[in-house]
Amino acid sequence: MNNDEEMDVWIKEILTRLKAIETTLSNLEKSQLLVGPDTLLDVVDVSKIVKIAPKSVYRWAYERKVTSVKIGGRRLFYAKDVLAHQKERR
């Protein structure tokens, strides 16, 4: 291979990686759009977002630190309340 061919291979590899990054970012943007302020989150979702144990999320509900509702046996939280409480904790 000469230098021009090596450069072409290198450029193609970079473009492929950039396309993969662009796709990943696009998917992240789409997933974030699905969670609005009135979105209901279950205990597992809240624990992943806030990075705490599910047991702590249940404790928040019990101590009424975050508003929750029980629908069909599931404890659910509004995303806006979870994010507001998270900001207060910092």
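Counting only Cβ charges, +1 for Lys and Arg and -1 for Asp and Glu, the dipole size of the chain around its Cα centre is about 1160 debye.
For the residue pairs Lys19/Lys48; Lys65/Lys87; Lys48/Lys70, the alpha carbons lie more than 24 Å apart in Lys19/Lys48. Electrostatic tally near Thr16: other residues with Cβ closer than 15 Å to its Cβ, Lys and Arg +1, Asp and Glu -1, net 0. Across segment 71-77, coupling constants 3J(HN,Hα) worked out from phi with the 6.51/-1.76/1.60 Karplus curve, θ = phi - 60°, read 10, x, x, 9, 7, 10, 10 Hz, and Gly and Pro carry x. Given the options Leu25, Leu41, Leu15, which has the most mean-square fluctuation in a GNM of the chain, springs set between C-alpha atoms less than 10 angstrom apart? Evaluated over the chain, the most mobile residue of the options is Leu15. Among Arg74, Arg59, Arg17, the largest mean-square fluctuation in a Gaussian network model of the chain (Cα springs under 10 Å) belongs to Arg17. The stretch between Gln86 and Ile52, if pulled fully straight at 0.36 nm per residue, gains 11.2 nm over its current Cα-Cα span. Using the Cβ atoms and a cut-off under 9 Å, what net charge is assigned to the surroundings of Ala79, where Lys and Arg are +1 and Asp and Glu are -1? With Lys, Arg at +1 and Asp, Glu at -1, the neighbours total -2.
Panel values: the chain, Kirkwood radius from alpha carbon pairs, Stokes-Einstein at 37 °C and 0.692 mPa s, translational diffusion coefficient 205 µm²/s. With the convex hull drawn around the C-alpha atoms of segment 40-89, the volume per residue stands at 65 Å³.
Bear in mind that the values in this text are calculations on the coordinates, not laboratory data. As the structure is a computational prediction, the values presented were derived from the model and not from experiment. Note that each Cβ is placed from the backbone with ideal geometry, even for glycine, and that neighbours are counted across all protein chains shown.
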